[in-house]
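The structure appears below as structure tokens.
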Amino acid sequence: MPTVPACAWEPLGHQTSNVAYPDTNARYWLLHYTVRKGLAIRLDGRFPDARYASVATYDAHRGSFTGPDGTPSALTDHRLLADRGSGNPYREPAHPGGKFTITVTDTPAGRPNALPLAPARTPEGAEGTVVYRIYLPHGKFRLPKVTFVQDGHRVRVGTCADALSPGAPAVGAPSGTVPSGTASSGTVPSAGEGTPARPVFSRSGGAGLYPNPDNAYLSAGFDAPPAGQVLVVRGKAPAATAGDRARPWPAGSAQVRYWSMCDNLWWGPGEVVANPLPGGGMDPGCRADFDTRLSPAGTYTYAVGTEEQRAAVERVPGVTFLPLSSATPTARHLLILRNMVAAPGFAEAIQRVSAGSDADRTAEVMGAYHPKAAYCGLDVLAASGPEACLGT
């Protein structure tokens with residue numbers, strides 16, 4: 001008999017388990033399993049109506065991998081084949097809700113919709129995890145039904161009772177966004193120490209936090225701006241697919257499926273900023289392609305500051321406010337820029353930069369798409385615009 005978990009699709013959410021530098025527009029769920037020879041896990045799902053969906057397996061170290069036969073451990077929505085009689089809306093014009101079947105197995109070679117169970121030479125008894133991700137779902141959706149199969153025995157695993165509970169959208173865990181070394185709580189310089197050095201963005205490396213192979217990241221740590229200042233960040237925005245509906249990929253002139261800029265706390269488990277607002281609700285620390293102001297030339301400009309500075313920032317034409325943590329506004333923060341599923345012709349995508357590249361090499365590859373940042377007085381930004389802050 002296969003060893004099975006108590007339930008399938010354990011949810012994570014940035015309001016309840018705010019870890020691993022999440023994007024607040026994503027939801028994801030975990031299915032844990034124990035590696036056994038001959039084990040197969042069958043996932044019977046339906047294509048969601050969403051901007052993006054994927055299924056991936058991870059090893060005992062929470063890392064993505066390549067199976068013994070070279071099979072990658074992730075299946076993106078547009079790579080999935082629909083069951084007979086169904087259509088995949090990420091491959092062709094079709095209604096969402098069509099059926100798909102994925103098999104997690106130790107013999108995935110040549111099998112459609114197959115994911116490797118574990119890397120080569122993984123001992124029996126090691127832990128593995130399936131992660132199901134959805135970005136920007138539209139309406140209701142179903143989680144895949146789960147069946148464990150081994151030695152002729154089939155065990156259906158029920159969905160966790162809280163898997164689709166309302167509240168915080170669950171979150172994906174990016175790879176390569178943990179700063180190297182030990183993170184500290186760094187504070188803003190005291191009066192007289194001057195403005196801290198402007199942060200620079202560089203390509204992040206692997207982190208072992210259930211990385212999404214479809215995402216690539218830039219990150220930049222920074223000290224909170226001194227009183228009266230904001231951090232201004234500007235770059236060229238890639239063209240992304242629009243809305244929250246499933247559609248075929250590649251899509252016209254779209255360069256990425258999705259992109260976002262998120263502000264996170266540097267220390268601790270990797271929290272994204274999530275500020276409660278006085279009138280209720282929450283201000284998440286992420287701004288995605290759909291809620292970022294762009295100039296006529298396609299350039300974004302963020303001003304990272306306190307909630308008290310929001311109104312003044314939002315009055316500046318073309319500037320998008322990004323919040324510092326209300327609970328710890330003077331702590332060191334970490335900005336993360338995501339590119340998801342880069343189109344083959346997008347030469348300046350973060351995916352084209354080798355992981356671990358320094359800022360100079362990152363900027364060389366990305367060109368105008370590489371963000372620049374500088375501290376700036378809010379009064380200067382309001383009076384003269386971001387050009388006065390960045391010198392461009």
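The values are calculated or read from the model by the stated rules, or taken from the named source; none is laboratory data. Since the model is a prediction, treat every value here as computed from it, not as a measurement. A quick note on method: Cβ atoms are made from the backbone with ideal geometry, for glycine too, and the neighbour counts reach across all protein chains shown. The protein model used for the area step is the full one, side chains on, heavy atoms only, and it has no ligands, DNA or RNA in it. Shrake-Rupley method; radii C 1.70, N 1.55, O 1.52, S 1.80 Å.
So, for segment 231-305, what is the accessible surface per residue at a probe of 1.4 Å, expressed in square angstrom?
Per residue, segment 231-305 has 36 Å² of solvent-accessible surface.
Taking H placed 1.01 Å from N in the peptide plane, check which residues at least 5 places from A26 or on another chain put their amide H under 5 Å from its amide H.
Sorted by chain and number, the residues that satisfy this are G172.
Find the accessible area per residue for segment 29-68; the probe is 1.4 Å, ligands and nucleic acids are left out, and the unit is Å².
33 Å²
Go through E124, E307 and list them by solvent-accessible area, largest first, probe radius 1.4 Å.
Greatest to least solvent exposure: E124, E307.
Return the single residue from G280, G125, G97 with maximal mean-square fluctuation; model: Gaussian network over the chain, springs between Cα atoms under 10 Å.
Highest fluctuation among the options: G280.
Could you calculate, for segment 350-392, the ratio of the Cα radius of gyration to the Kirkwood radius, expressed as Rg to Rh?
Radius of gyration over Kirkwood radius for segment 350-392 works out to 1.15.
Residue by residue through segment 43-55, which ³J(HN,Hα) values in whole Hz follow from phi under the Karplus form 6.51 cos²θ - 1.76 cosθ + 1.60 (θ = phi - 60°), with glycine and proline marked x?
Values, residue by residue: 10, 9, x, 10, 5, x, 8, 7, 4, 7, 8, 7, 10 Hz.
I'd like the accessible area for W266, computed on protein heavy atoms only with a 1.4 Å probe and all protein chains in place. Round to 10 Å², please.
Result for W266: roughly 40 Å² accessible.
In straight Cα distance, which lysines are under 21 Å from K140, not counting same-chain residues fewer than 8 positions off?
List returned: K99.
To the nearest 10 Å², what's K372's accessible area with a 1.4 Å probe?
K372 has an accessible surface of roughly 120 Å² with all protein chains in place.
Across segment 70-80, in residue order, what do the Karplus-derived ³J(HN,Hα) couplings come to in whole Hz, using 6.51 cos²θ - 1.76 cosθ + 1.60 with θ = phi - 60° and x for Gly and Pro?
Going residue by residue, I get x, 6, x, 9, 8, 10, 7, 3, 6, 8, 7 Hz, with x marking Gly and Pro.
Net charge around Q255, counting only other residues with Cβ within less than 11 Å of its Cβ (Lys, Arg = +1; Asp, Glu = -1)?
Once all neighbours under 11 Å are counted, the net charge is 0.
If one computes P(r) from the Cα atoms of segment 74-136, what percent of pairs lie at distances over 12 Å?
73 percent
Got a number for carbon plus sulfur as a percent of the chain's accessible area, 1.4 Å probe?
It is 51 percent, rounded to a whole number.
Specify the residue with the greatest mean-square fluctuation among R245, R154, R62, computed from a Gaussian network of the chain linking alpha-carbon atoms under 10 Å apart.
The residue with the greatest mean-square fluctuation here is R154.
Give me the net charge for the shell around P329: Cβ to Cβ below 12 angstrom, other residues only, Lys and Arg +1, Asp and Glu -1.
Summing Lys/Arg as +1 and Asp/Glu as -1 gives -3.
Using the Karplus curve 6.51 cos²θ - 1.76 cosθ + 1.60 with θ = phi - 60°, what ³J(HN,Hα) values do you get for each residue of segment 218-226, in whole Hz, with x for Gly and Pro?
Residue by residue, segment 218-226 yields 10, 9, 8, x, 8, 7, 4, x, x Hz.
Give the shape of segment 28-149 as rounded, prolate or oblate, defined through the alpha-carbon gyration tensor: a ≥ b ≥ c are the square roots of its eigenvalues, a/c under 1.5 means rounded, and otherwise the shape is prolate if a/b is larger than b/c and oblate if not.
It is prolate, given that a/c is not under 1.5 and a/b is the larger ratio.
When a/c is below 1.5 the answer is rounded, else prolate if a/b is larger than b/c, else oblate, so apply that to segment 265-348 with a ≥ b ≥ c taken from the square roots of the Cα gyration tensor eigenvalues.
Since a/c reaches 1.5 but b/c is at least a/b, the shape of segment 265-348 is classed as oblate.
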